[in-house]
Amino acid sequence: GTTYRNIGSNTAGGAVPLTALAQRTALAVNVEYIPLRVTTLVGTNQYWAYCPYAGAVTGIVSITEGVLTTGNATLTGKIGATAITDGVITITQVGSAAGDVDTATPSAANTVVVGSKLSLTVGGTNATATVANCWFEVTRS
């Protein structure tokens, strides 16, 4: 059914129905997560995901499945061909372990529309073929 919230009177004096976006925002559930599996943190491969939402990429998260043994790895977030400002995750080799979580908090060049292509590009000096499970956090608009 329709959810109503009393946000003032309309001409009939009743409650005004909220849009789906307003309902999600009011309930603080306006964030979606788009998963992306990076199968190896070696090389310069690029991994892609489809974005079915309009909004802004507000976070990028990775969790590794193994240890980095040689050097650091980076994951650079992009929307299409455009790098996301502050959208680089650095996975540090020193003290690394399976289950390490690393994040980036994008600050600009992070607007997405339905159908945007999201990607992560591997970089750095790591030489261990470890998987990183990643997520793009998208705050819907």
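The values are calculated or read from the model by the stated rules, or taken from the named source; none is laboratory data. Small disclaimer: the values here were computed from a predicted structure and weren't measured. Here the Cβ is made from the backbone with ideal geometry for all residues, glycine too, and neighbour counts use every protein chain on show. Surface areas here come from the heavy atoms of the whole protein model, side chains and all, with no ligands, DNA or RNA. Shrake-Rupley method; radii C 1.70, N 1.55, O 1.52, S 1.80 Å.
Key figures
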| read-out | value |
| --- | --- |
| One residue from 107, 62 being open to solvent by 50 Å² or more (accessible area, probe 1.4 Å), of a type outside the set (Phe, Trp, Tyr), within 13 Å of the chain's Cα centre (by Cα) and at pLDDT 95 or above | 107 |
| Yes/no for residue 82 being surrounded by fewer than 16 Cβ atoms within 10 Å (Cβ to Cβ), among the polar types (S, T, N, Q) and over 17 Å from residue 43 (Cβ atoms) | yes |
| Every pair of residues 6+ apart whose Cβ atoms lie under 6 Å, when the first sits in the stretch 50-70 and is part of a strand (DSSP E or B) while the second is polar (S, T, N, Q) and crowded, with 19+ Cβ neighbours inside 10 Å | 51/116; 56/110; 57/110; 64/130 |
| Odd one out for residue 50 among (1) touching a Phe, Trp or Tyr at 6+ places or on another chain (Cβ under 8 Å); (2) of a type in the set (Phe, Trp, Tyr); (3) open to solvent by 50 Å² or more (accessible area, probe 1.4 Å) | (1) |
| The stretch 111-133 residues that are more than 17 Å from residue 97 (Cα to Cα), paired with ones that are at pLDDT below 95 and among the acidic types (Asp, Glu) (beta carbon under 7 Å, 6 or more apart) | none |
| Any hit, the stretch 98-117, residues being in a strand (DSSP E or B) and touching a Leu at 6+ places or on another chain (Cβ under 6 Å) | no |
| Index of the failed condition, residue 87 passing every other in (1) at positive phi; (2) part of a strand (DSSP E or B) | (1) |
